[in-house]
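The values are calculated or read from the model by the stated rules, or taken from the named source; none is laboratory data. Not measured: the values here are computed from a predicted model. Quick reminder, even Gly has a Cβ in these numbers, built from the backbone with ideal geometry, and neighbours come from all protein chains shown.
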Ligand code: GLC
């Protein structure tokens with residue numbers, strides 16, 4: 001399948017006039033490719049749609065699948081290769097859909113199964129692949145299995161699908177162990193027997209409404225294999241696997257008084273890392289047994305000939321542990337959170353890139369690169385903080401307020417690093433508009449269970465609502481045009497489920513699409529060039545400009561070379577030099593390149609690259625005779 005059509009790279013922007021000879025690159029994609037056997041996901045740019053907040057197709061204030069269908073042309077125009085949709089399944093929404101009550105149906109808030117089918121075919125017709133979210137660590141407490149388990153006896157087969165245990169203490173009044181929930185509070189909740197007396201406890205690494213499944217039970221394996229097939233048969237191209245490191249718990253559920261965090265922290269690591277005999281710090285994450293599950297799933301996916309893929313959301317450390325998820329015969333990709341948390345800091349970004357490239361090579365996998373998602377403060381906001389490497393769990397009105405102008409400038413530069421790197425890249429909806437978080441959201445609007453579970457504790461957390469604010473499509477429409485498609489025309493759509501900050505008005509899609517210099521057009525240009533030159537499969541090298549101590553990240557990516565498989569004609573080499581200035585002073589640029597893209601109009605000052613800016617310099621070399 002061919003990805004969205006790529007446009008010829010626009011001619012060299014005026015700011016690149018320093019080279020004196022604008023020379024747009026001209027090799028058509030088919031010639032630059034010369035790699036017919038790679039699966040589609042190897043170099044794909046994948047756009048995360050958070051259905052609640054992407055586009056509202058029926059005007060009820062909540063995003064939905066018809067809304068996504070209506071915006072497919074927008075995604076096509078942006079030039080991404082695939083969509084990943086966060087959960088749209090039947091769910092009471094205690095964790096925004098990551099609490100699934102029925103894995104084989106669509107929640108009425110988001111539409112119908114027919115809408116899902118229509119979205120899959122609309123996306124495919126537009127040349128876009130589609131990845132859905134799979135949540136195997138836990139179900140919702142509304143799932144029929146859990147309802148059945150609560151009604152059943154201790155020790156029954158129904159309870160054995162989950163992790164039920166008797167309590168400790170004289171009368172079972174204390175939890176079975178000391179584990180904490182990732183969302184705050186204990187990881188255990190006590191049940192009530194049908195006669196009203198207190199009963200067993202069940203494990204939930206997340207919210208009380210998200211009981212952990214028992215992956216020691218073959219019935220659970222069989223059920224998920226069937227869920228995979230259900231969606232594969234409907235044509236999906238892959239699964240993003242939620243908490244992929246969580247399903248298997250250490251034998252005997254040993255005590256662990258520590259606290260693991262989402263995305264950033266996998267628990268406390270020892271000072272000396274023994275790769276061969278590494279013991280994961282937490283007894284409920286990254287246990288060896290999870291890999292057996294992925295080998296099973298890999299075999300299921302291999303039965304389908306459209307190259308479906310498995311993508312791991314696994315917050316594990318050190319980085320070499322992550323790449324164990326993408327060993328041959330397991331998953332295909334894993335989110336690179338080391339890159340995400342490195343912030344806007346040349347040394348940290350360098351280390352994350354180098355380590356990822358090294359570890360990927362060990363297992364023969366390719367890389368992914370990501371800057372934000374629905375669980376993190378958006379990078380525009382993070383990069384606008386006094387310390388652009390900080391990683392807050394959310395930003396509230398009483399916290400340090402980011403400088404979003406600076407944050408966006410840095411975010412545009414960071415996008416040029418992300419999209420220049422070989423491998424696959426993940427964009428979170430709104431990255432392409434340069435959206436920040438809502439950093440002054442009133443508490444009464446917050447829905448994230450993290451906020452509610454920790455608000456009266458010693459360590460209150462703001463939670464993730466700030467990055468989940470509905471997309472602004474049209475500056476002058478109610479809700480900045482969140483209601484799209486048919487709903488757009490309806491009298492008064494309901495307010496979006498979370499209020500949008502005023503600064504979203506100027507960032508709305510209709511203020512950026514086709515507007516020279518906008519963040520959207522920068523992304524589009526980078527994606528166009530990336531596609532044309534096949535940067536995603538290029539060869540990486542740090543460039544002679546690379547100097548992290550001075551805040552400079554710089555590398556080259558080279559594609560082409562060799563000969564056409566058919567005609568035997570030599571193929572010219574294309575080289576892109578990525579230069580990002582994360583330091584405090586202007587820095588030299590290469591002279592020998594013939595075309596360039598800059599992160600901002602004023603990135604080039606006196607023939608030097610200004611701080612908080614980046615550029616792509618390109619040249620084509622004649623084929624070797
Ligand atoms: C993943 C999701 C997050 C969710 C959690 C529990 O980390 O990305 O949004 O809250 O899993 O399912």
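Tell me, please, whether a residue that is part of a helix (DSSP H, G or I), closer than 25 Å to residue 224 by Cα and within 16 Å of the ligand (Cβ to nearest atom) can be found in the stretch 49-69. Yes, the stretch 49-69 contains a residue that is part of a helix (DSSP H, G or I), closer than 25 Å to residue 224 by Cα and within 16 Å of the ligand (Cβ to nearest atom). Against the numbered list (1) assigned by TED's automatic domain parsing to the domain that holds residue 89; (2) under 23 Å from the mean Cα position of the chain (by Cα); (3) within 16 Å of the ligand (Cβ to nearest atom); (4) in a loop (DSSP other than H, G, I, E, B), residue 240 comes up short only at (4). Considering the conditions (1) surrounded by 14 or more Cβ atoms within 10 Å (Cβ to Cβ); (2) over 22 Å from residue 250 (Cβ atoms), residue 183 is excluded by exactly one of them, (2). Within the stretch 541-557, is there a residue that is assigned to a strand (DSSP E or B), crowded, with 18+ Cβ neighbours inside 10 Å and without any contact (Cβ under 8 Å) to a residue 24 or more places away in the chain? Yes, the stretch 541-557 has at least one match. For the stretch 266-280, the criterion of being on the phi < 0 side of the Ramachandran plot, part of a loop (DSSP other than H, G, I, E, B), more than 16 Å from the ligand (Cβ to nearest atom) and at pLDDT 95 or above is satisfied by no residue at all. For the stretch 135-148, the candidate set comprises residues that are outside any loop (DSSP other than H, G, I, E, B) and either in contact with a helix residue (DSSP H, G or I) (Cβ under 7 Å, 6 or more places away or on another chain) or away from the ligand (no atom under 16 Å from the Cβ) (or both); within that set, the residue that is nearest to residue 245 (Cα to Cα) is 145. Working only within the stretch 448-466, note down all residues that are within 16 Å of the ligand (Cβ to nearest atom) and in contact with a helix residue (DSSP H, G or I) (Cβ under 8 Å, 6 or more places away or on another chain). Scanning the stretch 448-466 gives 448, 451, 461, 462, 463, 464, 465, 466. If you go through the stretch 207-230 one residue at a time, do you hit one that is over 31 Å from the mean Cα position of the chain (by Cα) and either farther than 30 Å from residue 305 by Cα or assigned to a loop (DSSP other than H, G, I, E, B) (or both)? No, there is no match, as no residue in the stretch 207-230 is over 31 Å from the mean Cα position of the chain (by Cα) and either farther than 30 Å from residue 305 by Cα or assigned to a loop (DSSP other than H, G, I, E, B) (or both). The single condition among (1) in contact (Cβ under 8 Å) with a residue 40 or more places away in the chain; (2) surrounded by 15 or more Cβ atoms within 10 Å (Cβ to Cβ); (3) touching a helix residue (DSSP H, G or I) at 6+ places or on another chain (Cβ under 7 Å); (4) assigned to a helix (DSSP H, G or I) that residue 290 does not satisfy is (3).
Candidates in the stretch 376-392 are the residues that are buried (at least 22 other Cβ atoms within 10 Å of the Cβ) and within 16 Å of the ligand (Cβ to nearest atom); of these, the one that is nearest to the chain's Cα centre (by Cα) is 376. Taking the stretch 243-258 as the range and being on the phi < 0 side of the Ramachandran plot and away from the ligand (no atom under 15 Å from the Cβ) as the test, the residues that pass are 248, 249, 250, 251, 254, 255, 256, 257, 258. Of all residues in the stretch 459-506, those satisfying the criterion of being touching a residue at least 60 places away in the same chain (Cβ under 8 Å), crowded, with 21+ Cβ neighbours inside 10 Å and assigned to a helix (DSSP H, G or I) are 465, 466, 467, 479, 487, 504.
Where helices (runs of 4 or more DSSP H) sit wholly within the stretch 299-378, those with at least 2 residues that are over 27 Å from residue 130 (Cβ atoms) and touching a strand residue (DSSP E or B) at 6+ places or on another chain (Cβ under 9 Å) occupy 346-363.
Among the residues making up the stretch 149-202, those that are under 28 Å from residue 464 (Cα atoms) and in contact with a helix residue (DSSP H, G or I) (Cβ under 6 Å, 6 or more places away or on another chain) are 162, 183, 184, 185. Whenever a residue of the stretch 368-384 is closer than 10 Å to residue 464 by Cβ, its partners that are assigned to a loop (DSSP other than H, G, I, E, B) and within 12 Å of the ligand (Cβ to nearest atom), lying with C-beta atoms within less than 7 angstrom and at least six residues away or across chains, give the pairs 374/50; 374/86; 374/464; 374/468; 375/262; 375/263; 375/464; 376/263. Filtered by the rule that a residue be out of contact with any helix residue (DSSP H, G or I) (no Cβ under 6 Å at 6 or more places or on another chain) and modelled with pLDDT of 95 or more, the stretch 479-492 gives 479, 481, 482, 483. When the stretch 74-114 is filtered for residues that are within 22 Å of residue 232 (Cβ to Cβ) and surrounded by fewer than 20 Cβ atoms within 10 Å (Cβ to Cβ), the ones remaining, listed by number, are 102, 104, 105, 112, 113, 114. Scanning the stretch 166-179 for residues that are touching a residue at least 40 places away in the same chain (Cβ under 8 Å) and buried (at least 17 other Cβ atoms within 10 Å of the Cβ), we see that the one that is nearest to the ligand (Cβ to nearest atom) is 179.
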